[in-house]
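The values are calculated or read from the model by the stated rules, or taken from the named source; none is laboratory data. All of these numbers come straight from a predicted model, not from anything done at the bench. As a convention, Cβ positions derive from the backbone with ideal geometry for all residues, glycine included, and neighbour counts pool all protein chains shown.
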There are 2 protein chains.
Amino acid sequence: MKRRAFLRHSAALAALPLLRAPLSAAPLATARAPLRVNGARLNGWLARFDAVGRTPTGINRTAYSEADLAGRAFTLDLFREAGLAPRIDAAGNIYGRLEGSDRTRKPILIGSHVDSVTDGGNFDGPVGSFAAIEVARTLREQRVRLRHPVDVVVWSNEEGGTIGSKCAIGEITPADLDKVARSGKTIREGIALVGGDVARLSEAVLRKGDVACYMELHIEQGGLLEKAGLRIGVVQGIVGLRWFEVTVTGFANHAGATPMDQRQDAMLAAAKFAVAVNEAVTSVPGRQVATVGRMNVTPNTTNVIPGQVMLTVDLRDLDPAKIAHFTERFERLGREIGAATGTTFAFKRTVESEPASADPQVMGWIEASAASLGLTRQRMPSGAGHDAQELARIAPMGMIFVPSVGGISHSPREFTKPEDVAHGADVLLNAVIAADRR
Amino acid sequence: MKRRAFLRHSAALAALPLLRAPLSAAPLATARAPLRVNGARLNGWLARFDAVGRTPTGINRTAYSEADLAGRAFTLDLFREAGLAPRIDAAGNIYGRLEGSDRTRKPILIGSHVDSVTDGGNFDGPVGSFAAIEVARTLREQRVRLRHPVDVVVWSNEEGGTIGSKCAIGEITPADLDKVARSGKTIREGIALVGGDVARLSEAVLRKGDVACYMELHIEQGGLLEKAGLRIGVVQGIVGLRWFEVTVTGFANHAGATPMDQRQDAMLAAAKFAVAVNEAVTSVPGRQVATVGRMNVTPNTTNVIPGQVMLTVDLRDLDPAKIAHFTERFERLGREIGAATGTTFAFKRTVESEPASADPQVMGWIEASAASLGLTRQRMPSGAGHDAQELARIAPMGMIFVPSVGGISHSPREFTKPEDVAHGADVLLNAVIAADRR
C-alpha cells in the first residue's frame, strides 16, 4: 500500500493538471495535482469501528460508557499507527501532532469526535476523526512537509453538549462538571474516566492565536446534498441551540377511581405541550426546528394517572432573536397548559450554544480544494451542532459536509457511502495544504 | 388486649340492643349487638407494614419484587399469629382457614391483596387483607363459632392484572404466564418465586359452588364517600377494563439537521394520540375514564427525533358497549394520526376484564351490617378493578368501601383514617356473621 501510494503521488506531481476552479486564497504559483488520501484504508477503519458499541438497537458509544472507552482505545491505536504519538489533555480530548517545518507557525487543527448518541450510527463523528488521522498519515507517508504543524484532535463527549471542545475554549464551569451525562456519570467523573484531570482543565484551554485555523469533516445528517445530487457541502455556519428540561407536575392518582374532571394529569399536560411546541415552530416561516426527544414519566404505570413528566425540548436556529422568541413562547405555552390542566410547568435551560459563522477564508480553501478534486459542492448552514462551533470562538473555522444517505442520522440506519467518505477526506487534505500556503 | 376484647364481647352479648336498620336476609330472631374487631391491633399492623417497601417516592411492593416477598412474609406472620395456619396455593395465593361447625358448608371467603403499584400507598390492598385476618382472629378470640368455615385469602399480584384471583377462577392461559410483570420477571417466574407452582395451577381453581360467597373490604380510591360525608360504600359492581399497549413507529433522525416537514416523529404522534384519547372520552356524557399512564420513548435522547414510542391506555366503564365503542374510536384515531404524521400505530390488548356485578343478597348483608353498627352508607360502583371482579364469576360477591382522604390512591399520599379502617373491618365481620346465618 505504501509503495502504491508513493507512486500515485509521484505521478500526481508529474501531471500537474489545471485546476478546475480558481483557488480563492492559495497562490496559483504553487498549484499542482491534488493529493489524495488512502480512501480504502480510511473506510476499512470505519468498517472495523462499526463493531465497537454496536447493539441490536444501534451504535451506543455514549460518552464515558464502556463502549466509548473501547472506541477511544481503537482511535488511540490509529493515532499510533499513523505515527502521531497521542496525548490526552486535561479535558479528555485526544491530540496527535505532525510537526511542521516552521517553528513559528501555530498548528492547523483538524478533527471531530468518536462518541455517539444513544442508538445512533457509525458515521457521525468517526468520519471526521478518522479522516483527520488519515490526512496526517497521508502527509507523512507522502513526505509532504508543511510549514505549520498539523494537530489532529478527537474531542471528548461531543454528543452530550460539545463538552471536550467547550473545555478547550475555557467555557466549562464547575456547575457544568457536576451535570449527569447519559451514561449516568457526572461530566467530572467522565473526564477522569477517559484520562483527563479536571483540576488541570486550564491547561487544556486554547486561546485566540493558539491555532492557525480549525477544520472539521462531518456527515451532513440532513438530506440537502443527496437531494441536490452534490458531493460536498461547504458549511457557512452552525445554528444556535437551546435545550430545555421541562418538568410537568400534576398529581398521581388511580386511573379507574378518579373521574376525568378531577384529574391533574401530568401526561396529558406534557402531551398537549409537545403538540403545542410543534405547532408553534411550524406556524411561522423559516428553518427553525424544535424537538421533544425525551420523556420520563413518573410512576409510568398503566393504571396510575402520571404525577410527573420530565421532557426535553431541543430548539435551534441561525438567528438568536428567533431562539429568544420561541423560548418566551414555549414558557407561555407551559403556563397556559398548566393553568388549563391543574399542573405546573418548570423550565430549566441545560445546554446553550450561540450560532457560529465559518471563516470566509477557510470556506474559500475548502471550496477550492473541492474544485481542484472535481467535486460538486454548495454552501449551506449546519442544522446540527458540532465541536467546530466552539472552536469558531478562538480560531478561523470551516466545516466540510459529505452526503448522508436518505438524510438519516442519529439512527442505526445512518450511512455515508465509502466514496463520499474518501472525497470528504481528500477535500480536508487539500484544504489543509491550502491553509498551509497562506 | 385479649382479656379486654373478651369483656367487650361479653358486654355486647348481654346488651342485645335493637338493630338500627332491618337486615335484609338474616332472620331477626338471631339479631344481637354487633361484634367489633380490635381496631387498634389492625391499625398497628398497617402502621408497621408502612415500612415494608417504602422508598423516597412511595410504597414499592410491586408483585414478585424483594419488597413484595417481604410484604408476604409479614402477612404470613399475621396469619400464624391469628391461628390461621397459612398455606400457599399453586398460584401463590395465601389461604388460612377458620373451621366452621358444619362440615357440609362451603367456606365464606374474605380477603384482598398486599402487592402495590409503583410509587403507591400503604392502604390499597393491605386494609382488606389485614382486616380479613383480623375478622377471623376476632371470631376465634371471641369464641364465635360459625357454621361455615371462613377462608382468609391474600391474592398474589393484584396490581399486575388480578393474576392470583384469575388463576383461582381458571382464567389464566399459558400465554398470560409468559407476560413480563413490572418487576421484570415473567408471571411464570413470579409465581414460582412467591411459592406457587404453575405445573399445578389447576389445583388452585375454585369452581361455582366451591365458595359460599366472597367479600372484600377495600379503600374507595376515589373521593365520593368523603365528599358525601359517608362512612361506608356498598359496591354495586366493578367497571370493566381494557388495557392497550400502543406502539407508535416513526423514524429516528437528527433533531437539528432534519427540517420540520421531513420528520416522522413518533413522540409528536404519541402526544397527539394522548390528547385525542382524552378528548374522545370526555366528549360524551358518562363515567367512562381513559388514562395514558406509561410512555417509553426510543431512543429517549434530547437531540434525536424519537423513532418509537410505546404507550399504554387504560379504558374503563360499567357498560361493555361503551368499552367496545371507545376501542374502535382509539384505533381509528391511531390510524388518522399515523397517516397525518408519517407514523404507524399498532394496538395490542394486554389486559381485559368484564364489568362484574355484586350479588344483591351479599349487598344486603353488608348494608345491614353497616346499619347495625350505626355507620352511614351508600351504594356505588367501583371505578377501580379488584380481585372481587374475578370471584364474581364463581360466587356471590360483595365489596365494602371505606373513604380515601382526598380521593387519593396509587400515590404516596394515599391515606384512610384509622377509624375508617376499623369501621370497614367491623362491617366485614358482621357481614360474615350475617352470611353465616342464611
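Yes/no matrix, rows are residues, columns are (1) closer than 16 Å to A:Val154 by Cα; (2) surrounded by 23 or more Cβ atoms within 10 Å (Cβ to Cβ); (3) acidic (Asp, Glu):
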{"site": "A:Arg48", "(1), (2), (3)": "no, no, no"}
{"site": "A:Val52", "(1), (2), (3)": "no, no, no"}
{"site": "A:Pro56", "(1), (2), (3)": "no, no, no"}
{"site": "A:Ile59", "(1), (2), (3)": "no, yes, no"}
{"site": "A:Thr62", "(1), (2), (3)": "yes, yes, no"}
{"site": "A:Ser65", "(1), (2), (3)": "no, no, no"}
{"site": "A:Gly71", "(1), (2), (3)": "yes, yes, no"}
{"site": "A:Gly83", "(1), (2), (3)": "yes, no, no"}
{"site": "A:Pro86", "(1), (2), (3)": "yes, no, no"}
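With respect to the conditions (1) more than 30 Å from B:Leu373 (Cα to Cα); (2) assigned to a helix (DSSP H, G or I); (3) among the acidic types (Asp, Glu), B:Glu245 falls short on a single one, namely (2).
Restricting A:Gly338, A:Gly293, A:Gly286, A:Gly250 to residues that are within 26 Å of B:Thr258 (Cβ to Cβ), touching a strand residue (DSSP E or B) at 6+ places or on another chain (Cβ under 8 Å) and more than 7 Å from every other protein chain (Cβ to nearest Cβ) narrows the list to A:Gly286. Quick one: A:Ala26 ticks every box in (1) surrounded by 19 or more Cβ atoms within 10 Å (Cβ to Cβ); (2) modelled with pLDDT of 95 or more; (3) outside any strand (DSSP E or B); (4) among the small types (Gly, Ala, Ser) bar one, so which box is it? Every condition holds for A:Ala26 apart from (2).
Of A:Ala257, A:Ala290, A:Ala252, A:Ala271, which residue is in the same structural domain as A:Ile337 (by TED's automatic domain parsing), at pLDDT 95 or above, more than 23 Å from the chain's Cα centre (by Cα) and of a type in the set (Gly, Ala, Ser)? Exactly one residue qualifies, and that residue is A:Ala271.
Screening A:Pro285 with (1) more than 30 Å from A:Asn430 (Cβ to Cβ); (2) in contact with a helix residue (DSSP H, G or I) (Cβ under 9 Å, 6 or more places away or on another chain) gives one miss only, at (2). In this structure, A:Ser404 does satisfy being touching a helix residue (DSSP H, G or I) at 6+ places or on another chain (Cβ under 9 Å) and within 14 Å of chain B (Cβ to nearest Cβ). Of the residues A:Gly374, A:Gly383, the single one that is within 13 Å of chain B (Cβ to nearest Cβ) and in contact with a Lys or Arg (Cβ under 7 Å, 6 or more places away or on another chain) is A:Gly383. Among the criteria (1) among the small types (Gly, Ala, Ser); (2) closer than 15 Å to B:His218 by Cα; (3) over 20 Å from the mean Cα position of the chain (by Cα), the one B:Ala82 does not fulfil is (2). When A:Asp317 is tested against (1) touching a helix residue (DSSP H, G or I) at 6+ places or on another chain (Cβ under 6 Å); (2) assigned by TED's automatic domain parsing to the domain that holds A:Pro403; (3) not hydrophobic (A, V, I, L, M, F, W, C), exactly one condition is not met: (2). Restricting the range B:214-229 to residues that are assigned to a loop (DSSP other than H, G, I, E, B) and surrounded by 20 or more Cβ atoms within 10 Å (Cβ to Cβ), the residue that is modelled with the highest pLDDT is B:Glu220. In summary, A:Glu352 fulfils each of the numbered conditions (1) over 19 Å from A:Arg294 (Cα atoms); (2) modelled with pLDDT under 95 with the single exception of condition (1). Considering (1) closer than 17 Å to B:Pro107 by Cα; (2) modelled with pLDDT under 95, the lone condition that B:Trp155 does not fulfil carries the number (2). Checking every residue in the range A:123-139 against the condition of being away from every other protein chain (no Cβ under 14 Å), touching a Leu at 6+ places or on another chain (Cβ under 6 Å) and surrounded by fewer than 21 Cβ atoms within 10 Å (Cβ to Cβ) gives zero matches.
Just one of the numbered conditions (1) within 14 Å of chain A (Cβ to nearest Cβ); (2) out of contact with any helix residue (DSSP H, G or I) (no Cβ under 7 Å at 6 or more places or on another chain) is not true of B:Val211: (1). Can we say B:Arg105 is more than 14 Å from chain A (Cβ to nearest Cβ) and surrounded by fewer than 23 Cβ atoms within 10 Å (Cβ to Cβ)? Criteria met by B:Arg105. Looking across the range A:94-115, the residues that are part of a strand (DSSP E or B) and without any contact (Cβ under 8 Å) to a residue 60 or more places away in the chain come down to A:Tyr95, A:Gly96, A:Arg97, A:Leu98.
Can you find a residue in the range A:270-278 that is closer than 30 Å to B:Ile59 by Cβ, of a type in the set (Phe, Trp, Tyr) and either in contact (Cβ under 8 Å) with a residue 60 or more places away in the chain or more than 11 Å from every other protein chain (Cβ to nearest Cβ) (or both)? Scanning the range A:270-278, I find at least one residue that is closer than 30 Å to B:Ile59 by Cβ, of a type in the set (Phe, Trp, Tyr) and either in contact (Cβ under 8 Å) with a residue 60 or more places away in the chain or more than 11 Å from every other protein chain (Cβ to nearest Cβ) (or both), so the answer is yes.
Contact map, the range A:356-385: first residue in the same structural domain as A:Ile219 (by TED's automatic domain parsing) and closer than 24 Å to A:His410 by Cβ, second residue among the β-branched types (Val, Ile, Thr) and part of a loop (DSSP other than H, G, I, E, B), Cβ cut-off under 7 Å, separation 6 or more or different chains; pairs are A:Pro381/A:Val239; A:Ser382/A:Val239; A:Gly383/A:Val239; A:Gly385/A:Thr162. For the range A:299-310, filtering for residues that are under 34 Å from the mean Cα position of the chain (by Cα) and at the interface with another protein chain (Cβ under 7 Å from one of its Cβ atoms) leaves 1.
Can you say whether A:Ala257 is out of contact with any Asp or Glu (no Cβ under 8 Å at 6 or more places or on another chain) and either within 7 Å of chain B (Cβ to nearest Cβ) or more than 17 Å from B:Asp119 (Cβ to Cβ) (or both), as far as the supplied structure shows? Criteria not met by A:Ala257. Counting only helices (runs of 4 or more DSSP H) that sit wholly inside the range A:136-212, those with at least 2 residues that are without any contact (Cβ under 8 Å) to a residue 24 or more places away in the chain are A:174-177, A:187-193. Across the range A:31-62, what is the number of residues that are within 14 Å of chain B (Cβ to nearest Cβ) and in a loop (DSSP other than H, G, I, E, B)? Counting residues in the range A:31-62 that are within 14 Å of chain B (Cβ to nearest Cβ) and in a loop (DSSP other than H, G, I, E, B) gives 6.
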